[in-house]
Amino acid sequence: MQFVFYFLIVLLALWAFITIAQVAYSIRVEAKRRFKSEVRARFKSVLQQIYTEAGSPTRISIDEVVASLERICKDRIICRDVLIEFTSKLDLDESKPLRDAYERMGFVKQDIELLQNGKWQARFEAATRLGRMRCWSAIEVLNGAMRDKDEDVRFAAVCALAEIGDQYSIPAIVHALTDANGWQVLQVSERLLAMNVDVTHAFLQMLTASGGVKSRREAVIKTVLDLIADFAQRADDKLNLNAARAAAYQFVNSEQLDLRARAIRVFAATGVATPSEFELVLNCLSDRYWEIRAVAAKALGQIGDQAAVSKLTEALRDEAWWVRHNAAQALARLGQSGIEALQAQLHGEDKFAAETAKQVLEELQLDAKSGA
Amino acid sequence: MLNLGLSQQEYVLKQPQHLSQVSFRYRLLAGLLLLVPFLLFCIALLLALASEYPATKIVSEVAIVLTVLIFLRGVLSLSQVVHSAIKTRRSVLSRLANKFTMARSPKVPPVSILFCPKETQQNCEETLRSLLALDYPEYELIVVNDGSVPTEKLLVEFGLEPVNKVFKRSLMTGSIHDIYASKKYPKLLVVSKPRSNLADSLNVGINLARSPLICFFEDECVLTRDGLSLLAKPFIEYPNLTVISAATAEMSLAEDAELFDAVKIASRKRLFHSSSFLRALLCIASGLRNSVSIFRKADLIRVGGFQEAVMGEAVSLLLRSGLAEEHRVSHVADVLCWKLSSARPEVELGQWQASAVLMAATGLAAARDIRLLPGYLLLLVECYAPILELLGLVLVLGGFLTGLIGSELVLLFFMTLISMALLESVSGIVADEFSLRHQHTVSETLLLVFASIIEAVLYRQVANYYRVKGILEALLKA
């Protein structure tokens, strides 16, 4: 029994220790936070003075920036964090002296070392910092970090490479995205969009590359086709649409369902330039797989060519309801002729087609009334 | 958008079932689950007392067993706190380091926020303004006002005008008066309707919502600017698997906070971290009033909408969304929602406990999936914990007063109870700080540490009473 009491006393002592440690930690953190805000304020005024005196970022002396920062604060970690904070507030040209100062103070070297030998958090933070500071010298190490055992580190490395903006890293980034979830793809594609380079060459090269494991190659092609569709919708100035269409053309008749569906989505995003491309998408409405027919129906709505009305009207009688639904939606998008085709189905013999047409027409009516 | 990964049949909507039938079945199951061990315990105790075995020894041995169980439960809680601290820190760190963007992309689904102000709502206009300034590419805010807030005030404040909005009545609801929209705030839609229960208001909002995702938002809360993005993140990550995403509404330690507020915050921190393994299910199941959550509109319509808008409905929804199939129920650990005023703690604690019981029961119903087994055990521990502590307290004090238990055993029991409670309580605060969810100042930390002592020694015993009451309410309310 005595042993049990001793044990409980140890527990209470443990509680007392944790409590004291927590309070001590709070005191330390608060003091650090206060000091950091002081450093930030002083560095801000010094920087303003340096930028004003120099007149242009190119005329700023890196040594002066480094010396003033070291004069303000001896704590290297705080110096590093403050430099990153100010860099992220400035545009690419304005922040160049700060990025050079970051390298001059040995932080890039330190981050590279951490990325190679640190624990997961150190590796993750180092990769993020290298991306934010757009350290071109770290590209090789970041490429290596994309094979890190930790998922967070891998993702941080992918983001960093995209943020640095090296177009030669695009293939590696796309390869990494093949295993990523929707959120990660979204974040990286945003950074790729911000790269300000034409991605056509990089994307097409990946689509035509051969060798490697077949499943992996297909995964890469899927990701590239997704990205092409995304770029075509949101940043068509960074993508040669004709080249993108030509690339998608070769996958419309692929054996793989996923690849075919994605190729059709590319046409939906880029539009069609030639009658043969339009025919190709139109023919997909007669595919033996309902998934392809459904994607094709939707794409024809997005392409907006009135020539698709008759085929889409036929698709209203498809055995798969999703195809019927997409076909009806596509007809509604095609304007008056599409709506007339839908109305004609209302009293037709085909029960499914009539129901689908009725539903879409009702939705259209609701939208029109709401709009009014 | 077409999903190639799913078969066509999975798009077929199931016929809605009646919620109360499902709830009753699981409440019955929960009752049996909790009552059977206690009946066995009572029978064993009566048999022992009827035998020649001395009563003093029996009561002492029962007290020792209860003490050991309380200790083991404390160890389990502490391990969950450690797990929570490490896991949460990782996710918060990753979010803080990687500045994220939410562009208008097909990958980002639109969200409809439903807001039903209560009569007690203060600064409704401020709350609406904060909701209209969220950082999310495409969302709408639907305010369903059943007369709790003067509509005229909102009309003037937001430049609202009556509109002839036509919508599909997917759910049966009561009548509505008018629908108002604003040219100045195109995201805002206000519906005025006769006074009714919350469920009807929510169902009206669901009918009006045009987005595939619906966010339920408590009236006395404020979302952070990127709150909706963080909450919708699981739906972007795994669009075909995620069924619910939720986050806990946090209480802030204001400058003029009273000690009781700090005690409540300390208690919430402990509960948050010590339920790490089951947090997602418990937070969602404990009701709309404790969290901010996003559901899929199709799921809500499939189950026939809300009937009472109380705790337990979300459990039913979860159950029929396919608990045994592959799905994701996400709980976002980041702080994205602040409570402006807290509900009465007894209500919150009761709901939490009742949800644990219901989740245990519903989990048991889906026991075919063996992977969920550790989850059941944890839920059972969560269900039994307050009962064990209260039972132990009554037994030891009663035994001591009647002379059946010696003072040494009483001391042992109380030392175990208090030391484990103190450790759990302070570790909740440490875990919160370590996981970077909150960074408190020195004075706030001192206040919280002092509050955690009160929480462990006094408040916890009162809380146990309300939690047991919550269990009974969950079982009896059919």
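Points worth noting:
- Label point of residue A:355 set 7 angstrom out along Cα-Cβ; within segment B:168-195, amide nitrogens under 19 Å from it belong to B:169-171.
- Partners for residue B:269 among lysines (Cα-Cα distance below 27 Å; same-chain residues under 8 apart left out): A:32, B:87, B:99, B:118, B:233, B:339, B:469
- Averaging 1/r across all pairs of distinct Cα atoms in segment A:36-105 and inverting the result yields a Kirkwood radius of 11.8 Å.
- In summary, no helical segment of chain A meets the span-like criteria, namely a full DSSP H run, a Cα extent along the axis of 24 angstrom or more and a mean Kyte-Doolittle hydropathy of at least 1.6.
- Within straight-line reach of residue A:36, meaning a Cα separation under 16 Å, sit the following lysines at least 8 residues removed in sequence or on another chain: A:44, A:74.
- The fewest-to-most ranking of B:151, B:242 by surrounding Cβ atoms within 10 Å reads B:151, B:242.
- Theoretical FRET efficiency, 1/(1+(r/R0)^6), r = Cβ-Cβ of residue B:184 and residue B:210, R0 35 Å, to 0.05: 0.95
- Tensor-based shape of the protein assembly as shown (alpha-carbon gyration tensor, a/c under 1.5 rounded, otherwise prolate or oblate): oblate
- If you take the Cα centroid of segment B:413-472 and the Cα centroid of segment A:311-326, the two points sit 60 Å apart.
- Centroid-to-centroid, using Cα positions, segment A:274-290 and segment B:139-163 are 49 Å apart.
- For the pair residue A:119 and residue A:136, the difference between a 0.36 nm per residue extended length and the Cα-Cα distance amounts to 3.8 nm.
- For segment A:113-162, the calculated P(r) over all alpha carbon pairs, in 10 Å bins from 0 to the bin holding the longest distance, is 34, 62, 4 percent.
- Sequence of B:196, B:267 once ranked by neighbouring C-beta atoms within 10 Å, starting from the fewest: B:196, B:267
- Straight-line cross-link reach from residue B:193 at under 20 Å between alpha-carbon atoms covers these aspartates and glutamates, not counting any fewer than eight positions away in the same chain: B:119, B:125, B:140, B:146, B:152, B:157, B:161, B:178, B:218, B:219, B:308.
- Radius of gyration, Dmax [segment B:102-167; alpha carbons; angstrom]: 13.7, 39
- For segment A:283-372: span of alpha carbons on each principal axis (Å, largest first): 41, 29, 19
- Fewest-first ranking of A:300, B:189, A:11, using other Cβ atoms within 10 Å as the exposure measure: A:11, B:189, A:300
- Subtracting the Cα-Cα distance of residue A:2 and residue A:286 from 0.36 nm times their residue separation leaves 93.9 nm of extension gain.
- In terms of its C-alpha gyration tensor, chain A has a prolate overall shape, because the principal axis ratio a/c (a ≥ b ≥ c, square roots of the eigenvalues) is not below 1.5 and a/b outweighs b/c.
- Distant-in-sequence amide H partners of residue B:337 (H built 1.01 Å from N, under 5 Å): B:224, B:250
- Once the C-beta distance of residue A:306 and residue A:91 is scaled by a Förster radius of 56 Å, the resulting FRET efficiency is 0.75 to the nearest 0.05.
- Dividing the mean sequence gap of close Cα pairs (under 8 Å, 6+ apart) by how many residues segment A:180-260 holds gives a relative contact order of 33 percent.
- Approximate spin-label separation residue B:135-residue A:45, in nm, with each point projected 7 Å along Cα-to-Cβ: 2.9
- Taking 7 Å steps out from each Cα toward its Cβ at residue B:51 and residue B:65 produces label points 1.1 nm apart.
- Inter-label distance, nm, simple model (7 Å from Cα along the C-beta direction), residue A:362/residue B:126: 4.4
- Contact order for segment A:284-372, expressed relative to its length and based on alpha carbon pairs under 8 Å spaced 6+ residues apart, stands at 24 percent.
- Virtual paramagnetic centre 7 Å along Cα→Cβ of residue A:273, amide N under 20 Å, in segment A:296-323: A:300, A:302-305
- Set of segment A:161-205 residues, backbone N closer than 18 Å to the point 7 Å along the Cα-Cβ line of residue A:218: A:175, A:178-180
Every number in this text was worked out from the coordinates using simple rules, so none of it is lab data. Since this is a predicted model, take the numbers as computed values, not measurements. So basically every Cβ, Gly included, is an ideal-geometry build from the backbone, and we count neighbours across all protein chains shown.
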